[in-house]
Amino acid sequence: LEFRRVLFRSRLPDHPGVYLMKDARGKVIYVGKAQRLRDRVRQYFQASRSGAHPMRIESAIDRVADIEWTLTDSVSEALILEATLVKRHQPRFNVRLKDDKSYPWIRITMGDDFPRIERTRTVVRDGSRYFGPYPSASSVDEAMELIRRIFPFRTCTIAIREGERALDRPCLLYHIKRCQGPCVEAIDRAAYRADIDQVVLFLEGRQEQVVRTLRTEMESAADELRFERAAALRDQVRAIERTMEQQKMAGFGRRHLDVVGFARSGGEAAVQLFTIRDGRTVARDVYLVENAGDGPDEEALAAFIGQFYATASSTPPQVLVPFALPDAADLEALLADRRGARVRIEVPQRGTGRRLLELAARNAAASLVREQTRWMADQGRMLGALEELAAALDLPGPPMRIECYDISTIQGTSTVGSMVVEIGRAHV
């Protein structure tokens, strides 16, 4: 194995890229990025001999039997590729977003003549606009319900094209003013897409721009004596203004920034993300980070920022964090590529920014306690169920492992079988 490690180090190129460490069975156990692949991998094995790495990394290095790598043109590209590969392989020794592969998004199908707004867990390059990721399905549902109260839009999956009448009569949503009725040509494509554009601006946190546009349209409708339309626009303006008032955050003027709070307990960590746009907090989301192990907090938070912003739909010009991060310049380059302009990662020492970071940290700690309490309750219920099973079957103790088999045939042929294994995690 040591000979192979030396061989790996000599073959690695001196360029930016991503490396995948594999065990003897070919399973990816760790994914990392580097400005210079050769130096980074050599550092792993040299530091391993001196015990300089956390136990989690030492365990990974002890299992390495092969290394693969992919070259990139820059470190920011390597960060994006690293986040993608971590999601795909879920390597055992990487710090990663918990259940990140299933985080929900809001999708607006901009490729349709009459776009739909829907929840999805898959992001594909299909011309749609995506907003997220959201930490839970309930967060998406709350955002969707807020949008639906302000902007009517279609939720059906009927194929509707401009100039074609899809249905003879509209559904109930049209009659209760939750849909404009494009299926019965009650609204044309240009007017419908103008409303969708307002939804996009709203989800981007640009509510003031939406209010200005709607107010101008309302005044125009009133001047033209279209009072019903003016009243509907007035109600929209009032609903958005109420939302803006609830989201107002004093001390930030019209700034755009994200505030990242961090809390940790053992190998689990939680990140509280405050999304502030135009000086208003438009979202407060909590994300769980797993497999932090005994590594430093800075490493866990840096892993979160790299993985989250590699796919995030919105990147602000400023991100506030509680402490300095390793490879901060590389992370800033990644965020700048995503935004198309400069992004700064800062550690405020005083003032409103510091107070907001402390608030975010308290929220993250509370979320982590709730998650751990829920996990302990689940473990308690599982242990109780195993003890009841042991009593019912007259076993000497709760079973450590349960195997269930099912064999199926079709008239005595085409035999297939399956096995499901449940391991008593409370005892392992």
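Tabulated results
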read-out	value
Output for the range 258-307, where each listed residue is open to solvent by 10 Å² or more (accessible area, probe 1.4 Å), assigned to a helix (DSSP H, G or I) and out of contact with any Phe, Trp or Tyr (no Cβ under 7 Å at 6 or more places or on another chain)	GLU299, ALA302, ALA303, GLN307
Residue, farthest from the chain's Cα centre (by Cα), within the range 205-233, restricted to residues that are hydroxyl-bearing (Ser, Thr, Tyr) and modelled with pLDDT of 85 or more	SER220
Which numbered condition LEU334 misses (of (1) closer than 30 Å to PHE131 by Cα; (2) without any contact (Cβ under 8 Å) to a residue 60 or more places away in the chain; (3) of a type in the set (A, V, I, L, M))	(2)
Those residues of the range 114-132 which are at pLDDT 80 or above, closer than 27 Å to ALA364 by Cα and open to solvent by less than 40 Å² (accessible area, probe 1.4 Å), in sequence order	THR120, TYR130, PHE131
Residues of the range 1-59 satisfying the condition of being of a type in the set (Val, Ile, Thr) and either part of a loop (DSSP other than H, G, I, E, B) or at pLDDT 75 or above (or both)	VAL18, VAL28, ILE29, VAL31, VAL41, ILE57
Qualifying residues in the range 399-425 (those that are among the aliphatic types (A, V, I, L, M) and open to solvent by 80 Å² or more (accessible area, probe 1.4 Å)) - the one farthest from the chain's Cα centre (by Cα)	ILE410
Residue check for SER414: in contact with an Asp or Glu (Cβ under 7 Å, 6 or more places away or on another chain), more than 26 Å from PRO104 (Cβ to Cβ) and free of Cβ contacts under 8 Å to residues at least 40 places away in the same chain	no
Sole exception among (1) open to solvent by 30 Å² or more (accessible area, probe 1.4 Å); (2) farther than 23 Å from LEU301 by Cα; (3) part of a helix (DSSP H, G or I); (4) not β-branched (Val, Ile, Thr) for LEU395, by number	(3)
Criterion violated by ARG338 - all others in (1) of a type in the set (D, E, K, R); (2) more than 17 Å from ALA303 (Cα to Cα); (3) at pLDDT 85 or above satisfied	(2)
VAL86 among the aliphatic types (A, V, I, L, M), open to solvent by less than 80 Å² (accessible area, probe 1.4 Å) and modelled with pLDDT under 75	no
Tally of residues being in contact (Cβ under 8 Å) with a residue 24 or more places away in the chain and of a type in the set (S, T, N, Q) across the range 182-230	2
Residue ID - least open to solvent (accessible area, probe 1.4 Å), chosen from residues in the range 143-161 that are modelled with pLDDT of 80 or more and among the charged types (D, E, K, R)	ARG154
Contacts under 8 angstrom Cβ, first residue in the range 353-372 being more than 18 Å from ALA292 (Cα to Cα), partner open to solvent by 40 Å² or more (accessible area, probe 1.4 Å), 6 or more apart	GLY353/GLU346; ASN363/ARG284; ASN363/VAL286
Residues located in the range 330-356, provided they are assigned to a helix (DSSP H, G or I) and within 28 Å of ALA78 (Cβ to Cβ)	ASP330, LEU331, GLU332, ALA333, LEU334, LEU335, ALA336, ASP337, ARG338, ARG339
Members of the range 28-43 that are more than 25 Å from the chain's Cα centre (by Cα) and open to solvent by 20 Å² or more (accessible area, probe 1.4 Å)	GLN35, ARG36, ARG38, ASP39, ARG40, ARG42, GLN43
Qualifying residue in the range 60-80 (condition: over 30 Å from LEU273 (Cβ atoms), among the aliphatic types (A, V, I, L, M), open to solvent by less than 50 Å² (accessible area, probe 1.4 Å) and in contact with a His (Cβ under 9 Å, 6 or more places away or on another chain))	yes
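The values are calculated or read from the model by the stated rules, or taken from the named source; none is laboratory data. Since we're looking at a predicted model, the values are computed, not measured. Cβ: placed from backbone, ideal geometry, glycine included. Neighbour counts: every protein chain shown. Note: areas computed on protein heavy atoms with side chains; ligands, DNA, RNA excluded. Shrake-Rupley method; radii C 1.70, N 1.55, O 1.52, S 1.80 Å.
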